[in-house]
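What follows is one structure encoded as structure tokens, with my remarks underneath.
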Amino acid sequence: MPRPRVFATRPLFPAAQQILKANCEIEYWTEVERISKEELLRRVKDKDGLICLLTEKVNEELLRAAPKLRIAANVAVGFDNIDLPACTKRNVVATNTPGVLDETTADFAWTLMMTVARRIGEGEALARSGAWKGWDLDQLVGMDVWGKTLGVVGFGRIGRAVARRASGFQMKVLYTDAIRAPLDVENELKAEYRDLNSVLADSDFVSLHVPLTGDTRGMFDVAKLSRMKPTAFLINTSRGPVIDEAALEFGGNGAVFLEFHPELGAPLGKTPERGIVVMHLRQRNPRRDPQVRTSAPGSSGLVRPGYRARSGRQGGGERIPQSQDPSAASSRRFQP
Ligand SMILES: NC(=O)c1ccc[n+]([C@@H]2O[C@H](COP(=O)([O-])OP(=O)(O)OC[C@H]3O[C@@H](n4cnc5c(N)ncnc54)[C@H](O)[C@@H]3O)[C@@H](O)[C@H]2O)c1
């Protein structure tokens, strides 16, 4: 039986490469520049499998160009770059890598929270500028995190990991989600379920952890932001477009994480004065974290479509359930 032909839009970690080499005819995109759409369409023409990043769109156009494709394995937790209904229509399995970055992303959300609360960005810029003339009583006065109220929007894997850390800071935790968490989870994390407006009104820090979908795109617009306390911070480690771009000019304190790309020039000028903007930074080091080495391909699915790769283990590629198909109920929970 001929081995499946697979194209990967980026060289993977060595352990993943070994698995692929043993099972497939694998071809990698090795240029430093991201692959262009045209080149991608050309490369997938005769492929059975595609391993892609969130920078590549798996849509009608790509699927039309790849009539043999049986799987699109996304090396990312979010899968907003994948048109699930189009994949379903063509019987193409889509997989992602849930769970790999829960703690990493939660750490990062906390990094942003502490950074804006304690005004680290401004302090660092001042220190480097050479303009700092010495300490003063009212200089760059920050805000405590300890004892404040944390609002989590999207209480899935990452949202809960963020909430878990709040107990060390004796914070009150509020959350909202399309689906209320089981009582034992609420009790364990001492988290109180509220509707979104109530979370926004009562939180000192609002941390976003919803996937980017038709429902959540632009979900945080000026109207939503105006419901927040004027002193509150907004932390976004989900996807940039969950915040409406016009809302960035709204002001307030918000720390805004934007997934900007160099070619877009980044709407840096639009972010609040005390906000900080960083690029997509969260990733784990495979040398230090062996668990991530083979997390990328969702590789079992390449040879057995529909098979959930290493189900239940953190770090494996997993088939994206049909419930995540935006044409199905968009509020259904994805892998609780
Ligand atoms: N920036 C990063 O490095 C990074 C890393 C991993 C994941 N992410 C992003 O974080 C997102 C969340 O990841 P996760 O693993 O926690 O996902 P998850 O599926 O475990 O949790 C998402 C939660 O959001 C809820 N939700 C969905 N739509 C909603 C809506 N309209 N209103 C309220 N709640 C809604 C779901 O019910 C679910 O509980 C991913 O989709 C991805 O976009 C970012």
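Computed from the coordinates by the stated procedures, all read-outs in this text should not be read as laboratory data. Treat the numbers as computed from the prediction; the structure is a model and nothing was measured. Methodologically, a virtual Cβ is constructed for each residue, glycine included, from the backbone with ideal geometry; neighbour enumeration extends over all protein chains shown.
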Open item on the list: For a 31 Å ceiling on Cα separation, which of these pairs sit above it: LYS190/LYS229; LYS89/LYS224; LYS21/LYS45; LYS190/LYS224; LYS89/LYS190?
Closed with: LYS89/LYS224; LYS89/LYS190
TODO: Treating cross-link reach as a plain straight distance, find the aspartates and glutamates whose alpha-carbon is under 15 Å from the alpha-carbon of LYS68, omitting any fewer than eight places away in the same chain.
DONE: GLU25, ASP46, ASP48, GLU60
Task: Amide H contacts of LEU174 (H built 1.01 Å from N, under 5 Å, at least 5 apart or other chain) - done: LEU150, GLY151, VAL152, GLU192
Task: Compactness of the stretch 147-186 - radius of gyration and Dmax, Cα, Å - done: 9.6, 27
Open item on the list: If you average the alpha carbon positions of the stretch 73-115 and of the stretch 182-198, how far apart do those two centres end up, in angstrom?
Closed with: 23 Å
Task: Positive-end extreme of charge dipole, the stretch 1-147 - chosen from ALA22, LEU140, ALA72 (charges on Cβ) - done: ALA22
- [ ] Project the alpha carbons of the stretch 97-180 onto their principal axes and report the range along each, largest first, in whole Å.
- [x] 51, 29, 21
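Rank-order 199-206, 143-150 by packing density, defined as the average count of other C-beta atoms within 10 Å over each peptide's residues, highest first. Please report the intermediate quantities before stating the final value.
Working: 199-206: 22.9, 143-150: 16.1.
Output ranking for 199-206, 143-150: 199-206, 143-150.
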